[in-house]
1. Taking interchain pairs and intrachain pairs at least six residues apart, which have beta carbon atoms under 9 angstrom, with the first residue in segment 101-125 and touching a residue at least 24 places away in the same chain (Cβ under 8 Å) and within 12 Å of R85 (Cβ to Cβ) and the second assigned to a helix (DSSP H, G or I) and of a type outside the set (S, T, N, Q)?
2. So which pairs qualify, if the first residue must be in segment 55-71 and without any contact (Cβ under 8 Å) to a residue 40 or more places away in the chain and exposed (fewer than 15 other Cβ atoms within 10 Å of the Cβ), the second must be of a type in the set (A, V, I, L, M, F, W, C) and not in a helix (DSSP H, G or I), the Cβ gap must be under 7 Å, and the two must be at least 6 apart or on different chains?
3. For R173, which of the numbered conditions (1) of a type in the set (D, E, K, R); (2) assigned to a loop (DSSP other than H, G, I, E, B); (3) closer than 24 Å to L64 by Cβ fails to hold?
4. With respect to R178, determine if the residue is part of a helix (DSSP H, G or I) and either acidic (D, E) or without any contact (Cβ under 8 Å) to a residue 12 or more places away in the chain (or both).
5. Quick check on segment 104-160: of everything there that is in a loop (DSSP other than H, G, I, E, B) and among the aliphatic types (A, V, I, L, M), which residue is surrounded by the most Cβ atoms within 10 Å (Cβ to Cβ)?
6. Would you please name the residue that is nearest to S165 (Cα to Cα), looking only at residues in segment 1-53 that are of a type in the set (G, A, S) and at pLDDT below 75?
Amino acid sequence: MHAETILCDEHKKRLLHLLLIRTAAVRSGVKPAALLRVNRCYRLPGEASCLRLPEILRELRLNLVILRRDGNGVLVLFYHPDSLRRHLASRKVTFYLERAGYVPTEGLEACLATLKRRFAGDDFPHEVGVFLGYPLKDVAGFTHRARLTPSYRGDWQVFGAPEESIRLMKLFRTIERRAAGVLKNTRELEACLRELSTLSGSVRKMHFASSCS
């Protein structure tokens, strides 16, 4: 076996492991989407992206949109269609996206197409935070951060009352920790995907209990 093939296999294994953890909350439907960079393998000179990326993305079995490509890799939005569709249908979210130039009434695919066009430009479209399930106040606050001071800094910057934002951060992290445990104890991919899909029941109960506490 060539050394390049071994390196590529190792890179694929590590990358798939990471992506399975980082997309666990999306797979469960608790988080509508996740924005993740998939870097190229730097031990394979001259490659603009991971050679095994198409294979990895197929094995994840998640809906996705590649938003941007550059010399270091690709930026991918992994999403749960039903969860994201419900999230974008919220009256406040719809109003926010309309003001940002989206047309939510045309459906999820139209919104994703607009987001992809925004990523093709030089500026970073901060409204992507809406797609990721961040509280709307935090997305709007970050957009106007020159005039505002964050009340908390965690997985994202929080503006205004921090309680709900911190609860969501903890929820997403808990799912990732549980997913890491599944991967540690389950070696076969099919079995792993089945185990990860069962996280949704306990996660939703946790989500409901924390909301009522």
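1. Close Cβ pairs (under 9 Å, with a partner that is assigned to a helix (DSSP H, G or I) and of a type outside the set (S, T, N, Q)) amount to L108/P81; L108/L84; L108/R85; L108/L88; L112/L84; L112/F131.
2. Listed pairs, sorted by first residue: G71/A48.
3. Only one criterion is unmet by R173, namely (2).
4. Criteria not met by R178.
5. L132
6. S49
The values are calculated or read from the model by the stated rules, or taken from the named source; none is laboratory data. Quantities reported herein were computed from a predicted structural model and do not represent experimental measurements. Ideal geometry is used to build each Cβ from the backbone, glycine not excepted, and the neighbour counts take in all protein chains shown.
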